[in-house]
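Step one of this worksheet: look at the structure below.
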Amino acid sequence: EAGVTQFPSHSVIEKGQTVTLRCDPISGHDNLYWYRRVMGKEIKFLLHFVKESKQDESGMPNNRFLAERTGGTYSTLKVQPAELEDSGVYFCASSQDWEGSPQHFGDGTRLSIL
Amino acid sequence: QKEVEQDPGPLSVPEGAIVSLNCTYSNSAFQYFMWYRQYSRKGPELLMYTYSSGNKEDGRFTAQVDKSSKYISLFIRDSQPSDSATYLCAMSLGYQLIWGAGTKLIIKP
């Protein structure tokens with residue numbers, strides 16, 4: 001069974017540019033999550049999808065971040081325009097459809113804003 | 001005050017030693033308790049997953065939860081150099097995971 005896959009593994013862009021991160025969850029997992037770790041800090045929750053619906057986006061930092069999950073399969077996280085403080089590692093996770101179900105993570109996208 | 005406290009280390013022990021990793025937490029609403037292992041440039045990998053107070057064993061790993069003290073532990077027996085990684089505790093609040101800072105563990109051959 002394929003795990004959670006994320007693309008790209010690393011992205012370097014300049015401040016003000018746009019970047020789109022992609023996540024493919026484990027097949028059959030309705031729940032999809034985005035998390036972020038900035039340097040020196042703990043991993044923080046960004047948002048949670050159930051199928052194509054946003055269930056909780058309380059962790060999204062501001063309106064420069066837009067997450068979508070069209071068709072309830074893969075998800076994208078767009079940052080537009082990127083700011084220096086957006087640098088960090090963005091992780092995607094997926095889980096089965098009950099609260100507390102173990103979350104399985106991808107290897108993350110390392111985002112560097114110059 | 002952070003919701004989950006975890007000593008970042010590094011913790012360095014000789015091969016074969018028993019390792020003890022710990023987290024404390026402040027929110028009694030946390031429901032599930034997890035330990036993840038993370039190698040450099042990789043994502044967190046789920047190691048242990050528990051719900052109630054008590055012990056859960058899986059091979060060389062034992063997870064312990066004490067809800068009355070708001071304290072969780074991970075024990076690694078017969079530690080190997082391949083166990084060298086960062087170990088993160090995480091706790092669920094609804095569907096969200098709340099994370100500790102991670103402890104960097106080094107097993108010396």
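From the alpha carbon centroid of segment B:62-109 to that of segment A:13-44 is 23 Å. Between the alpha-carbon centres of segment B:11-26 and segment B:27-53 there is a gap of 15 Å. The Cβ shell under 11 Å around residue B:60 holds other residues with a net charge of -3, Lys and Arg each +1, Asp and Glu each -1. Split chain A at each of the trypsin sites (Lys or Arg not before Pro) in a DSSP loop with at most 15 other beta carbon atoms within 10 Å, and the longest piece is A:65-114.
How big is the antiparallel share of DSSP beta bridges in chain B, given as a percent to the nearest 5? Don't skip to the answer; put the middle values down first.
Working: 37 of 41 bridges.
Taking every DSSP beta bridge with both residues in chain B, the antiparallel ones total about 90 percent.
Applying both filters, DSSP loop and at most 14 other Cβ atoms within 10 Å, to the chymotrypsin sites (Phe, Trp or Tyr not before Pro) of segment B:51-109 gives B:51.
Thinking of segment A:1-43 as a set of Cα atoms, what percent of all their pairs are more than 14 Å apart? Provide the component values of the computation, followed by the final result.
Details: 579 of 903 pairs.
Value for segment A:1-43 (Cα pairs over 14 Å): 64 percent.
At q = 0.11, 0.17 Å⁻¹, what base-10 log of I(q)/I(0) does the Debye formula yield for the protein assembly as shown when every alpha carbon is treated as an equal point scatterer in vacuo? Those come out to -0.55, -1.23, one per q. Annotation for the B:A interface, with buried accessible surface near 1900 Å², both sides summed [1.4 Å probe; non-protein components not counted]. Applying a DSSP loop filter and a limit of 11 other Cβ atoms within 10 Å to the trypsin sites (Lys or Arg not before Pro) in segment B:63-109 leaves nothing. Per residue, the Cα convex hull of segment A:58-114 amounts to 107 Å³. Applying a DSSP loop filter and a limit of 12 other Cβ atoms within 10 Å to the trypsin sites (Lys or Arg not before Pro) in segment B:25-64 leaves B:41.
Accessible area per residue, 1.4 Å probe, Å², for chain B: what's the number?
Numbers: 5170 Å² over 109 residues.
Here the residues of chain B average 47 Å² of exposed surface.
Calculate I(q)/I(0) for chain B by the Debye formula, one identical point scatterer on each C-alpha and no solvent, and give its log10 at q = 0.10, 0.11, 0.12, 0.13 Å⁻¹ to two decimals. Those come out to -0.26, -0.31, -0.37, -0.43, one per q.
Residues of chain A were split at every exposed loop site, defined as GluC sites (Glu not before Pro) in a DSSP loop with at most 13 other C-beta atoms within 10 angstrom, and the longest piece left, sites excluded, is A:15-82.
For q = 0.17, 0.18, 0.19 Å⁻¹, what log10 I(q)/I(0) does chain A give under the Debye formula with an equal point scatterer on each alpha carbon and no solvent? Normalising to I(0) and taking log10 leaves -0.75, -0.84, -0.94.
The values are calculated or read from the model by the stated rules, or taken from the named source; none is laboratory data. Just so it is clear, the model here is predicted, and its values are computed rather than measured. Note: ideal-geometry Cβ built from the backbone for every residue, glycine included; neighbour counts use all protein chains shown. Note: areas computed on protein heavy atoms with side chains; ligands, DNA, RNA excluded. Shrake-Rupley method; radii C 1.70, N 1.55, O 1.52, S 1.80 Å.
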